[in-house]
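Undergrad: Here's a structure for you.
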Amino acid sequence: MYRLARSGGSRELLRWVSGRAAGWAGLVDGDGTVLHCVVRSADGMGAESAALAGEYVREMAGIDAHSFSCDRGAHTVLLFPLDGPPDSAAPTLVVVAPRPLPEGLPTLLADVTMPLTMCWAAESVERRRRRVDLAESRGREAVLHLLMTGQLSIAHQVAGALKPTLPDPVRVYVVECPVGSRDEVMRICTRLSGGRSWIVRCPVYSRHVILVVPADTGTYTGAGTGTGTGTGTGAGTDGEGAGAGAEQWLGIRVADAVAECVVGASEDVPLSDTATGYRQAFHALAVARGLPARHARFGSAQEPAVVAGEAGARWAKALLNPLLTHVPRRSHDPGSQELAATLASWLAFSSHATQHLKIHRNTLAARLRLIGELLGLDLSRVGDQAALDLALRIRATPTTLPTAAADGPESQEPPESPESPALHRLDDILRTPAMQEWAAQQLRPLTGSDSPGNTSRTTSGTTSKNAADPRETLRTWLECEARTAATADALGISVPGVRKRLTRLESALGRSLLQAPSARYDLWLAFRALDLAEAGTARTARTAGTARTAR
């Protein structure tokens, strides 16, 4: 009896009691609810026994007795209330056994109540602990969601009941754990960071842990696939900086402490830019998967939301205005803030937004249809998605923006295009010198001799140089709305071949492509900006040629 209590708990004790009674045994709450039960009888009285148990427990509630028995038909019902703490009601052990009862069964049941009470008390404590852990986990997830949407004041209020306090500025880490080891990795991260990290289970990816840690004050000097300082777009290994904070070493220490663990780290960003930090860490994680050290840090890069300047801020405000001023027709319909949060989550996580927002996929689809109608955009097109992603990022950027971008050639006549009017206005932003430089910077890793392009053989047996060119692969993928099957058909290769090429491009660019958050929006904007520049150059050349001919 006591061995079963130590090894199997209340369930194993009930199974043993049910076998000794050759009947039904269970724990029943004060209102007649069966909490646990086991039936080991040959007469199939499981449902009937549960109903009898609930009925007699409710009747016994008004009787001050330490045990109770009653005959019903061919069965005897035996009830023994368990002892519990004063502030909580303990359940009742109920046994329904066929007559005649086995010899000594009442005495056996009286003896089993003590170990069963101890097991129940221990299990109740464990259940409360799990509820507390779940509540804390959901609270931390809620704080992260508030930070990602820029609601700092509410985030600080909610975080006030949890520890540690939210730091500012921060560095964001995304830790990819081996299957089934996320809780252990979280404990290790807590220990390695000295309890100063804000650690959250990723609500989207079951193997990811997100860490928001205090930013160090030193200068990053790591080296890897990208630059640690300057304006590169890649990611580098999380190297030794001048700062003395323990978090500066966190990526390396976590990767060393946990086998098969992969870590991506962001730049140091303000707390209000936590969403940007998360995207950077996620892109660095894609690079870290291909590094022997299993950790990488996002290289310094300009945000297109900042490069767009005041002209971009005006464009974003005009584009999002129908969404931000939307008033729902019914009180229970989503308002503008909820729709904006849904759009941001979907752009970041695609179909995984249902897990992020804790909503049904049909609810997500209905909200996206409404958003598309309000904005007059086709959300199935990568171009419209890129425009909205840029607009939301500009909206989340502090209002003090550079004005240089506003001095660009906004008055130029946009070329004829089948795109939506929103993209016509976006073209004016992408023609500015600052955005042109940003676009060239995004695609620069694909132009060097180390770019991952190589010739490959198509399904017809001919060698295709353009198909293997990294720029052509990316352009085709984007033109096919980032669908690998359609890209494979366009390039004349297999779907696994497309995935392999995109995986190699992830390492070259230092950005995630196949997993959301994906860099496809920035890459679409970069290609669009460079196409506009080439079109402008060609138009200027034609104009000059026409003028020479006239002379």
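Undergrad: What are the ³J(HN,Hα) values, in whole Hz, obtained from phi via the Karplus relation 6.51 cos²θ - 1.76 cosθ + 1.60 with θ = phi - 60°, for each residue of the range 427-439 in sequence order, with x given for Gly and Pro?
TA: Values, residue by residue: 4, 4, 5, 6, 7, 5, x, 5, 5, 5, 5, 4, 5 Hz.
Undergrad: Next question, about the same structure. Return M435, M148, M60 ranked ascending by Cβ neighbour count within 10 Å, so the fewest neighbours appear first.
TA: Going from sparsest to densest Cβ surroundings: M60, M148, M435.
Undergrad: Also, quick follow-up: In which sequence would D427, D531 go, from the one with the fewest C-beta neighbours within 10 Å to the one with the most? Numbers along the way, then the final one.
TA: Working: D427 18, D531 15.
In increasing order of surrounding Cβ atoms, one gets D531, D427.
Undergrad: Within the range 161-175, find all residues whose amide N lies under 14 Å from a label point positioned 7 Å from the Cα of R196 along Cα-to-beta-carbon.
TA: Within reach of a label on R196, which here means backbone N under 14 Å from a point 7 Å along Cα→Cβ, the range 161-175 contributes 164-172.
Undergrad: With a point put 7 Å past each Cα toward its Cβ, work out how far H360 is from T33 in nm, to one decimal.
TA: For H360 paired with T33, the spin-label model returns 2.4 nm.
Undergrad: How large is ³J(HN,Hα), in whole Hz, for each residue of the range 336-341 in order, when computed from phi with the Karplus curve 6.51 cos²θ - 1.76 cosθ + 1.60 and θ = phi - 60°, using x for Gly and Pro?
TA: 4, 5, 5, 5, 5, 5
Undergrad: Would you mind calculating the gained length between M114 and C70 on full extension (0.36 nm times residue separation, minus the Cα-Cα distance), in nm to one decimal?
TA: Working: separation 44, 0.36 × 44 = 15.84 nm, distance 2.24 nm.
So the extension gain works out to 13.6 nm.
Undergrad: Sticking with this one: Can you work out the FRET efficiency for the pair E373 and E479, with r the C-beta to C-beta distance and R0 = 22 Å, to the nearest 0.05?
TA: On the way: r = 25 Å, r/R0 = 1.15.
The calculated FRET efficiency here is 0.30.
Undergrad: Still on this structure: By per-residue mean of other Cβ atoms within 10 Å, what is the highest-first order of 200-213, 363-376?
TA: Peptide ranking by packing, descending: 200-213, 363-376.
Undergrad: Let me ask you something else. In terms of modelled amide H atoms, which long-range or inter-chain residues lie less than 5 Å from the amide H of G150?
TA: none
Undergrad: Further, regarding this structure: Between S494 and R58, what FRET efficiency follows from the Cβ-Cβ distance if R0 is 60 Å, with the result rounded to 0.05? Walk me through the numbers on the way to the answer.
TA: Details: r = 66 Å, r/R0 = 1.10.
Approximately 0.35, to the nearest 0.05.
Each value in this text was obtained by applying a stated rule to the coordinates, not by laboratory testing. Computed from a predicted structure; not experimentally measured. In this analysis, Cβ positions are derived from the backbone assuming ideal geometry, glycine residues included, and neighbour counts consider all displayed protein chains.
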